[in-house]
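Undergrad: Structure in structure tokens, see below.
Bear in mind these aren't lab numbers, they're just calculated from the coordinates by the rules spelled out. Note that the structure is a prediction, hence the values are computed from the model and not measured. Neighbour counts run over all protein chains shown; Cβ positions are idealised from the backbone, glycine included.
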Amino acid sequence: MFPERIYLTGFMGSGKSTLGPPLAERLGYGFLDLDAAIEAEAGRPVQALFAEEGEAAFRALERACLQQTARRSGVVVALGGGALTFEENLHFARTHGAVVYLYVPPAELARRLARSRTPRPLLFGEDGRPLAGPALEARIADLLAHREAFYRRAHHTVDLTGKDVDEAVAAVLGALRHHA
Ligand code: S3P
């Protein structure tokens, strides 16, 4: 038996939204992307919400949308990278399902995020443009210094180093099989 709700956490670019759908399919579960739920609720993209209302407004909606996942069962939830870096949210996810941390080494995150076209407000510079090169690496390191301890409190940590999508999904399923 697998847990009724599976919460995927990890840094931006770790593959939460990519692995979520194939993982859900393997389990016969539904899939929910929390950022998409926030955007539907806010009626605008995450980037616009940050720009127009500020990060605190985004975090309030994020918390509310996370709590609404309690109504669903048989679901894989791809969280935003900051969602479980708040005690209340981490506690909520841990008590409503299984939390899986997708670990990707920082250098690989930097490579992926440099290529990504998804606008990520926390990775913008003061000029409002996406950070690149050493500035991007430094921002990732700064955020991870605070976040890693939260991520490590997931029920399961899956190291995705060198894994393609199929291998990563298999590794997450393997970890979940041992979920008490
Ligand atoms: C954030 C991650 C983003 C999104 C928002 C904030 C974060 O999601 O929720 O930009 O604080 O790490 P992804 O992890 O899917 O990029």
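Undergrad: Just to confirm the number: angle between the C-alpha axis of helix 87-96 and the first principal axis of the chain, 0 to 90 degrees, nearest 10?
TA: The two axes meet at around 20 degrees.
Undergrad: Over segment 4-107, what is the relative contact order in percent, taking alpha-carbon pairs closer than 8 angstrom and at least six residues apart?
TA: 51
Undergrad: Would you mind checking the tilt of helix 133-151 against the longest principal axis of the Cα atoms of the chain, expressed as 0 to 90 degrees and rounded to 10?
TA: Long axis of 133-151 versus the principal axis of the chain: about 40 degrees.
Undergrad: Gain in length, Gln47 to Thr18, computed as 0.36 nm per residue apart minus the alpha-carbon separation, to one decimal in nm? Intermediate results must be reported in sequence, preceding the final value.
TA: Details: separation 29, 0.36 × 29 = 10.44 nm, distance 1.97 nm.
Answer, rounded to one decimal: 8.5 nm.
Undergrad: Tally the DSSP beta bridges in the chain and give the antiparallel ones as a percent, rounded to 5. List each step's numbers first, then the result.
TA: Values: 1 of 17 bridges.
In the chain, DSSP labels about 5 percent of beta bridges as antiparallel.
Undergrad: Further, regarding this structure: To the nearest whole percent, what portion of all C-alpha pairs in the chain is separated by more than 20 angstrom?
TA: Within the chain, distances greater than 20 Å cover 52 percent of Cα pairs.
Undergrad: Another question, if that's okay. In Å, what Kirkwood hydrodynamic radius results for segment 1-74 from the alpha-carbon pair distances?
TA: Every distinct Cα pair counted, the radius reaches 13.4 Å.
Undergrad: Exactly which GluC sites (Glu not before Pro) in segment 115-173 are in a DSSP loop and have at most 16 other Cβ atoms within 10 Å?
TA: Glu126
Undergrad: Right, next: Filter the GluC sites (Glu not before Pro) in segment 1-92 to those in DSSP coil with at most 14 other Cβ atoms within 10 Å of their Cβ, and list the result.
TA: Answer in residue order: Glu4.
Undergrad: Could you give the nm distance between label points at Arg111 and Arg177, where each point is 7 Å from its Cα heading toward the beta carbon?
TA: Each label point lies 7 Å from its Cα, and together they span 2.9 nm.
Undergrad: How large is the dipole of the chain about the Cα centre if only Lys and Arg carry +1 and Asp and Glu carry -1, each at its Cβ, rounded to the nearest 20 debye?
TA: 340
Undergrad: Then there is this: Let me know the shape class of segment 114-155, please: from the alpha-carbon gyration tensor, a ≥ b ≥ c as square roots of the eigenvalues, rounded when a/c is under 1.5, otherwise prolate if a/b is greater than b/c, or oblate.
TA: prolate
Undergrad: Let me ask you something else. Taking the alpha carbon gyration tensor of segment 7-49, what are the square roots of 5 times its eigenvalues, largest first, to the nearest whole Å? Please list the in-between numbers first.
TA: Working: eigenvalues 95, 35, 9 Å².
With the √(5λ) rule applied to segment 7-49, the semi-axes are 22, 13, 7 Å.
Undergrad: Which whole-number percent is the relative contact order of the chain (Cα, under 8 Å, 6+ apart)?
TA: Reported as a whole number, the value is 33 percent.
Undergrad: At most 13 other Cβ atoms within 10 Å and a DSSP loop assignment: could you name the trypsin sites (Lys or Arg not before Pro) in segment 51-153 that fit?
TA: Numbers: sites: Arg59, Arg63, Arg71, Arg72, Arg94, Arg111, Arg112, Arg115, Arg117, Arg139, Arg147, Arg152, Arg153; in loops: Arg72, Arg117, Arg152, Arg153.
In loop regions of segment 51-153 (DSSP not H, G, I, E or B), the sparsely surrounded trypsin sites (Lys or Arg not before Pro) are Arg117, Arg152.
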